[in-house]
Amino acid sequence: MPRKPPALSSFAPELKQAWIEAATRQVVITLPSRAAATTLRARLYALRQALLRADDPFYPSTQFAVIRLEPAAGEKWSVVMQPADTSFKKALAEAGISADGPPPLDLDLEPTDDEPQS
């Protein structure tokens, strides 16, 4: 029999806040061991699923963030949460692509009253 997923109410509100903030900035949570970091990552992913099941209005913001584990000083490990495309920003900038670039092209392909229709 499959294990019943935890209820949304079983999660600390700070975990939800971590997801919300990770959608727009990097959040680094350092823990004493890799096991602790792995457990927190699993708990964060379980929370994301609980938000989906509860149709929580903050669930969509969790889709903008990703989580990875990184070794930190000594035996410590960090859970790194960040916007999903952060790791591509440097490569995009090197390719000359920035959010401050030229305005988007007007690709309105609908004929206007001035243009002949084919």
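The values are calculated or read from the model by the stated rules, or taken from the named source; none is laboratory data. The model shown is predicted, which means the values in this text are computed figures rather than measured ones. Glycine gets a Cβ as well: all are built from the backbone with ideal geometry, and neighbour counts include every protein chain shown.
Kindly indicate whether Arg25 is without any contact (Cβ under 8 Å) to a residue 40 or more places away in the chain and not in a strand (DSSP E or B). Can you show your working first?
Details: without any contact (Cβ under 8 Å) to a residue 40 or more places away in the chain: no; not in a strand (DSSP E or B): yes.
Answer is no for this residue.
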What are the pairs, 6+ residues apart or on separate chains, where a residue within the range 70-97 that is among the aliphatic types (A, V, I, L, M) has its Cβ under 7 Å from a residue that is not in a strand (DSSP E or B)? Val79/Ala37; Val79/Leu40; Val79/Arg41; Val80/Gln26; Met81/Ala18; Met81/Ala22; Ala84/Phe64
Within the range 47-71, tally of residues that are of a type in the set (A, V, I, L, M, F, W, C) and either surrounded by 16 or more Cβ atoms within 10 Å (Cβ to Cβ) or touching a Cys at 6+ places or on another chain (Cβ under 9 Å) (or both): 5
Condition test on Asp106, is it surrounded by fewer than 13 Cβ atoms within 10 Å (Cβ to Cβ), at pLDDT below 95, more than 30 Å from Ser9 (Cβ to Cβ) and among the charged types (D, E, K, R)? yes
Restricting to the range 70-85, count the residues that are assigned to a strand (DSSP E or B) and in contact with a Leu (Cβ under 9 Å, 6 or more places away or on another chain). 5
Can you tell me which residue within the range 8-26, out of those that are more than 17 Å from Met81 (Cα to Cα) and surrounded by 12 or more Cβ atoms within 10 Å (Cβ to Cβ), is modelled with the lowest pLDDT? Leu8
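Residue by residue, here is whether (1) of a type in the set (D, E, K, R); (2) farther than 15 Å from Val79 by Cβ holds:
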| residue | (1), (2) |
| --- | --- |
| Ala22 | no, no |
| Ala37 | no, no |
| Arg41 | yes, no |
| Leu44 | no, no |
| Arg48 | yes, no |
| Arg53 | yes, yes |
| Gln63 | no, yes |
Note on the range 27-67: residues within 12 Å of Ala84 (Cβ to Cβ) and either of a type in the set (Ser, Thr, Tyr) or modelled with pLDDT of 95 or more (or both) are Ser61, Thr62, Ile67
